[in-house]
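Asker: Before we start, here is the structure in question, set down as structure tokens.
The values are calculated or read from the model by the stated rules, or taken from the named source; none is laboratory data. Computed from a predicted structure; not experimentally measured. Virtual Cβ from ideal backbone geometry, glycine too; neighbours counted across all protein chains shown.
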Amino acid sequence: MIIEKDKKFSEYTKNWFIYDKCSYIQSKLIRRYSYSRSNADKNRTFLINKILPYFGKYYIKDITTAHIEDWLISIKKTGVSNVSANHYLSTLRIIFNEAYRKDDLLLNPIKAVQPLSADSRKKEILTTPEVTLLFDTRNRIKIWPKDIYYLFNLTATQTGMLIGEIQALRIENIHNDHIVVKHSWDRRYGLKGTKTGTERIVPISKDLYSALFNFYRSEGLTDPYIFSANMGKHQSITKLFTNGHTVLLK
């Protein structure tokens with residue numbers, strides 16, 4: 001019988017991030033931590049495309065910090081950003097941390113590996129005057145060509161809900177002074193739990209309540225989702241979220 005530490009990395013990770021087969025994911029779920037299928041798919045893709053081609057041939061016990069550093073350098077030489085390289089590194093870190101936790105390794109070679117410095121473009125937030133201008137009803141026709149564009153962004157601004165949570169918003173979740181955030185929408189797997197796995201109450205103004213209810217009624221929607229007529233899926237969701245700011249900055 002081959003014990004775990006005597007397996008090659010490719011064999012050790014055979015079922016990693018396959019949702020119903022990965023022991024790491026199952027251990028998360030039985031402890032009531034959330035772990036989405038889309039997150040599993042993402043990490044599985046990183047494993048297959050970015051990690052296995054380098055580490056697959058090595059026995060897991062023989063992989064050193066130097067190997068990981070060399071791999072990180074080789075990843076950077078392909079032209080990927082530091083942010084992307086750090087995503088791949090995080091996936092690899094999950095594997096080695098779990099292997100060490102389960103005593104499949106005596107030492108954790110990734111412990112001493114530091115992530116790369118962030119090189120993403122600095123993100124800025126709208127100023128208060130910009131927000132006021134953006135949602136001023138006098139500018140509505142100019143900035144928002146469709147009511148759904150305006151209302152989607154207004155809901156995001158006033159509630160702080162994530163895009164997927166707004167996509168999953170149903171008429172039954174809306175009350176005259178609050179929204180019950182119960183679900184999020186995954187473009188591949190559909191309705192799922194929130195990012196934290198828990199429900200929460202978000203206060204809303206009477207104006208937002210009226211706008212959401214009136215929009216749903218005026219659109220004549222037959223399914224329960226506010227922002228879609230096809231069960232939560234909306235082909236232009238990114239456009240809905242960014243259109244107003246883009247117009248404002250022109």
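Asker: So which residues in region 1-58 are over 21 Å from residue 105 (Cβ atoms), of a type in the set (A, V, I, L, M) and outside any loop (DSSP other than H, G, I, E, B), if there are any at all?
Answerer: Listed by number, the residues that qualify are 29, 30, 40, 48.
Asker: Being without any contact (Cβ under 8 Å) to a residue 24 or more places away in the chain, β-branched (Val, Ile, Thr) and over 17 Å from residue 42 (Cβ atoms) is the filter here, so list the residues in region 80-129 that pass it.
Answerer: 125, 127, 128, listed by residue number.
Asker: Filter region 32-58 for residues that are among the charged types (D, E, K, R) and either in contact with a Lys or Arg (Cβ under 6 Å, 6 or more places away or on another chain) or under 13 Å from residue 98 (Cβ atoms) (or both) and give the result.
Answerer: If the condition is that a residue be among the charged types (D, E, K, R) and either in contact with a Lys or Arg (Cβ under 6 Å, 6 or more places away or on another chain) or under 13 Å from residue 98 (Cβ atoms) (or both), then no residue fits.
Asker: State all residues of region 23-44 that are more than 20 Å from the chain's Cα centre (by Cα) and either polar (S, T, N, Q) or surrounded by 18 or more Cβ atoms within 10 Å (Cβ to Cβ) (or both); if no residue qualifies, say none.
Answerer: Listed by number, the residues that qualify are 23, 27.
Asker: Filter region 1-52 down to the residues that are more than 15 Å from residue 188 (Cβ to Cβ) and either in contact with a His (Cβ under 8 Å, 6 or more places away or on another chain) or of a type in the set (Asp, Glu) (or both) and list them by number.
Answerer: 4, 6, 11, 20, 46
Asker: Looking at (1) out of contact with any Pro (no Cβ under 7 Å at 6 or more places or on another chain); (2) surrounded by 14 or more Cβ atoms within 10 Å (Cβ to Cβ); (3) modelled with pLDDT of 70 or more, which is the only condition residue 248 fails?
Answerer: So the condition that residue 248 fails would be (3).
Asker: So for region 123-131 (the condition being surrounded by 11 or more Cβ atoms within 10 Å (Cβ to Cβ) and over 24 Å from the mean Cα position of the chain (by Cα)), does at least one residue qualify?
Answerer: yes
Asker: Another one. Restricting attention to region 83-111, report how many residues are surrounded by 16 or more Cβ atoms within 10 Å (Cβ to Cβ), out of contact with any Phe, Trp or Tyr (no Cβ under 6 Å at 6 or more places or on another chain) and polar (S, T, N, Q).
Answerer: Within region 83-111, residues that are surrounded by 16 or more Cβ atoms within 10 Å (Cβ to Cβ), out of contact with any Phe, Trp or Tyr (no Cβ under 6 Å at 6 or more places or on another chain) and polar (S, T, N, Q) number 2.
Asker: Return the only residue of 155, 159, 198 being surrounded by 20 or more Cβ atoms within 10 Å (Cβ to Cβ) and without any contact (Cβ under 8 Å) to a residue 60 or more places away in the chain.
Answerer: 155
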